[in-house]
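So the structure is just underneath, and the comments pick up after that.
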Amino acid sequence: MTESPDTLPSLRGRSLAGHMDVVAQLAELLGPDRVRAHPLDLLIYAKDSGVSSGEAAVVALPESTGEVAEVMRIAAAAGMPMVARGAGTGLAGGAIGVPGSVLIVLTRMNEIFEIDEVGATAWVGPGVINLELSNVLENRGLHFAPDPASQQSATVGGNVGTNAGGPHCLAEGSTIAHVLGMEVVTADGEVVTLGGAAPDPPGYDLRGLVVGSEGTLAIATRILVRLTRNPPDTVTMLIAFTGITDATRTVSEIISSGLVPAALEMLDGPMIEAVENFVHAGLPVEAGAVLLAEVVGHPDCTAAEASLIREISARNDATEIRTASNEAERVLLWKGRKAAFGAIAQSAPDYYLNDTVVPRTRFVDVVDETYAIADRYGLRLLNIFHAGDGNFHPLVSYDASEPGMTEKVIEASHEMAQAAIAAGGTLSGEHGIGVEKRDLMSQVFSPDDLDAQARIREAFDPLGLLNPGKVLPEGSRRFDRPTT
Ligand SMILES: Cc1cc2nc3c(=O)[nH]c(=O)nc-3n(C[C@H](O)[C@H](O)[C@H](O)COP(=O)(O)OP(=O)(O)OC[C@H]3O[C@@H](n4cnc5c(N)ncnc54)[C@H](O)[C@@H]3O)c2cc1C
């Protein structure tokens, strides 16, 4: 019988001598500078940007596919788990070490290998930083469309790991729509290419399986990304409302009119206030909600679409509709959205960023319920989210040094996730499951669904060495479940 990832012998602790032997082999392969096993070094990698922590036995910093494959062969031979890590901006604990693991940090694999301007594709290393890729492409009239709010630091490999989204994924789709192919290394160190430049390649879509698999199926070492042409015209608008109900109704009407704007972001009252205090971007602090709407394309189209958005907003009692008249004003409107996470630090040193999906028609109910949960727990809540596609991010601002506070925040956040699920939504829109939401998976998937997912994982990784203990809850595999 194959053991579930949660009960692998490797997780039950290997001897220190065994680990030291692996450290020595890795140092021989990569050189001592690119292998870290000192407790202080391990501490640096103990967390991602979420609240969970974990510790690897050793950190390896490969620089090529060949080195990743060799690192994985060494780890597999020793029965040690392996955890892929990009920039560590993930919010679900996906990139934190598990006991006795080799943490494979891919940030040094940051080469852009090939750009095909005509075909609008590029082969890039997993360590390329999302925004840097778009910056490099700027003078070629192209960009990489997925734009998570963390894009200044997050890697393309990490975007693949979590199937990252962002404000401009409403019309363009999240990372999965922008990855055509991948070179990956499997758990036993085999190098395989999945997908490719040809549209609709025959056979199973293994590329699609790996995107969003949070390092549990394979590690991406080269990624063929689809590039998006920069639009000839962009119109950005800030629309203010007295409350979230009018703003939400506006979002629903815009989408049901058949228009899919490039971005449709919402900030609620507490978030507007926090952001404005921080960046002074001219947000209307008296508003109960603002929408940031953007349309792109040919100027004739953008003018007509912007006009439709204005008309719908006015019908829904918008108190202000402001259109950026030049690039500087456009950047200023976006500055408020992009500075939100920094702004929160004014009120408390820590935050917990929830990530659920809520059907647009139920937004108002779920927002109300979310605030009620925060009130019940005595927590400060702010909201900034991708309203157009229902990606809802209630953000709890708190001080983790207060005893018991983190646990309280997690408990409240899990209730917020349950409220989204009860409204017909789901557990994660873009940040992934990692360890943080792993035990909530059974609320959205039946035992048979989880078993099917565990079988797929097992087919890629029969020994359960890739990021064990993440994504799927213990007992997902049918024969692991206790029988009654
Ligand atoms: C302030 C802030 C704002 C954010 N905003 C957004 C947002 O708008 N949208 C959004 O989607 N996310 C957002 N995030 C979450 C996070 O930035 C994204 O999930 C991002 O894609 C993670 O990239 P990373 O390089 O940091 O990956 P990591 O955190 O290092 O890893 C994330 C996951 O991917 C796996 N992984 C990493 N590299 C590889 C690889 N080469 N092959 C296979 N698996 C791999 C890891 O094992 C892990 O499970 C935000 C985070 C922060 C801190």
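The values are calculated or read from the model by the stated rules, or taken from the named source; none is laboratory data. Just so it is clear, the structure is predicted and the values come from calculations on it, not from any experiment. Here Cβ is always computed from backbone atoms with ideal geometry, including for glycine, and neighbour counts include all displayed protein chains.
In the set T7, T89, T65, T107, only one residue is among the hydroxyl-bearing types (S, T, Y) and at pLDDT below 95; that residue is T7.
Within region 294-318, the set of residues being surrounded by fewer than 16 Cβ atoms within 10 Å (Cβ to Cβ) and either in contact with a strand residue (DSSP E or B) (Cβ under 7 Å, 6 or more places away or on another chain) or under 21 Å from G282 (Cα atoms) (or both) comprises H298, P299, A314, D317. Scanning region 451-464 turns up no residue that is in contact with a helix residue (DSSP H, G or I) (Cβ under 7 Å, 6 or more places away or on another chain) and under 23 Å from V367 (Cβ atoms).
The selection criterion, being touching a residue at least 24 places away in the same chain (Cβ under 8 Å) and small (G, A, S), holds for A84. Criterion applied to V191, V185 was being under 18 Å from N467 (Cβ atoms) and within 14 Å of the ligand (Cβ to nearest atom), and the one residue passing it is V185. Among the residues of region 315-328, those that are in contact (Cβ under 8 Å) with a residue 40 or more places away in the chain and either closer than 12 Å to F241 by Cβ or not β-branched (V, I, T) (or both) comprise R315, N316, D317, A318, T319, E320, I321, R322, A324. Restricting attention to region 177-185, does a residue exist that is of a type in the set (G, A, S) and assigned to a loop (DSSP other than H, G, I, E, B)? No: region 177-185 contains no residue that is of a type in the set (G, A, S) and assigned to a loop (DSSP other than H, G, I, E, B).
Against the conditions (1) in contact (Cβ under 8 Å) with a residue 60 or more places away in the chain; (2) part of a strand (DSSP E or B), M271 satisfies every one except (2). For region 150-165, a residue qualifies if it is in contact (Cβ under 8 Å) with a residue 24 or more places away in the chain and in a loop (DSSP other than H, G, I, E, B), and the qualifying residues are S150, S153, A154, N163, A164, G165.
Here I176 clears all of (1) touching a Leu at 6+ places or on another chain (Cβ under 8 Å); (2) surrounded by fewer than 20 Cβ atoms within 10 Å (Cβ to Cβ); (3) closer than 17 Å to G215 by Cα except the condition numbered (1). Take the conditions (1) under 19 Å from N467 (Cα atoms); (2) within 15 Å of the ligand (Cβ to nearest atom); C169 misses just one of them, which is (1).
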